[in-house]
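Trainee: Next up is a structure, given as structure tokens.
All of the numbers you see were taken from the coordinates with simple rules; none came from a lab. Here the structure is a predicted model, which is why all the values come from computation and not from measurement. Ideal geometry is used to build each Cβ from the backbone, glycine not excepted, and the neighbour counts take in all protein chains shown.
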Amino acid sequence: MRHRPILILGAALLTACRGGGAPATPTPSFNPVTTAERLYYDNGGGIQEEMRLVVRDAATLADVWQRVTSRQVEPPPAPRVDFTREMLLVVAAGRMTPEDEIRVDSVGIRSETTATGRTERVMAVIVRIREGCRRFNADAYPLEVVRVRRFDGPVNFVERREQATDCRDL
């Protein structure tokens, strides 16, 4: 019974110590990219270099869409985009194999500190590159085009690489 006040005092001190200091920076919420937002995926080589691009106007879309679909026998028409409310993200992985893929996983807005110490709001785009099992000795150039809500500030692409887990000793 004599130890109970000591335990209560210890718990109170531990709680007070944990609550001190500057408030934690809120973690940004990332919204997964939906199937409806995925406008185009291909690995045929329309764009053969690695690329991360934000498309905010019709002229850039026309140029990029021609490049993205250039290997298609009958290229699909460019998507209709309301650039006052939307923008497109284009991610290309460069030279890989047919088993590899690139995907825009999710998008979120967060605060980041610049090199000068200023805080600014940034759109962070999580890009997943999945490397296959290397069963095919052929070249592929995975790329994806997705539609997201317009953001007029800086966009940072954050890459996450993962190896296929279903590979057996080949």
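Trainee: Under 15 Å from the Cβ of Arg121, count the other residues' Cβ atoms, weight Lys and Arg +1, Asp and Glu -1, and hand me the total.
Mentor: With Lys, Arg at +1 and Asp, Glu at -1, the net is +1.
Trainee: Counting only residues 5 or more places away or on other chains, whose amide H sits under 5 Å from the amide H of Ile109 once H atoms are built in the peptide plane?
Mentor: Ser29, Ala124
Trainee: Separation between the Asp166 and Ser106 pseudo-spin-labels, each 7 Å from Cα along Cα→Cβ, expressed in nm?
Mentor: Simple spin-label model gives 2.4 nm for this pair.
Trainee: Using a/c under 1.5 as the rounded threshold, could you call region 23-163 rounded, prolate or oblate? The axes a ≥ b ≥ c are square roots of the C-alpha gyration tensor eigenvalues, and prolate needs a/b larger than b/c, oblate otherwise.
Mentor: On the way: a/c = 2.23, a/b = 1.38, b/c = 1.62.
Oblate, since a/c reaches 1.5 and b/c is not below a/b.
Trainee: How much net charge surrounds Gly45 when only the other residues with a Cβ under 11 Å from the Cβ of Gly45 are counted, with Lys and Arg +1 and Asp and Glu -1?
Mentor: Local charge sum for Gly45: 0.
Trainee: Taking H as built 1.01 Å from N, whose amide H comes closer than 5 Å to the amide H of Asp42, not counting residues under 5 places away?
Mentor: Amide H neighbours of Asp42: Leu143.
Trainee: Using modelled backbone amide H atoms (1.01 Å from N, in-plane), which distant-in-sequence or interchain residues come within less than 5 Å of Val127's amide H?
Mentor: The list, which skips near neighbours in sequence, is Asp105, Val158, Glu159, Arg160.
Trainee: What distance in nm separates the simple spin-label points at Arg85 and Asn156, each placed 7 Å from Cα in the Cβ direction?
Mentor: 3.0 nm
Trainee: By how many nm would the segment from Met51 to Arg128 lengthen if fully extended, with 0.36 nm per residue of separation less the alpha-carbon distance?
Mentor: Numbers: separation 77, 0.36 × 77 = 27.72 nm, distance 1.34 nm.
Stretched fully, the Met51-Arg128 segment lengthens by 26.4 nm.
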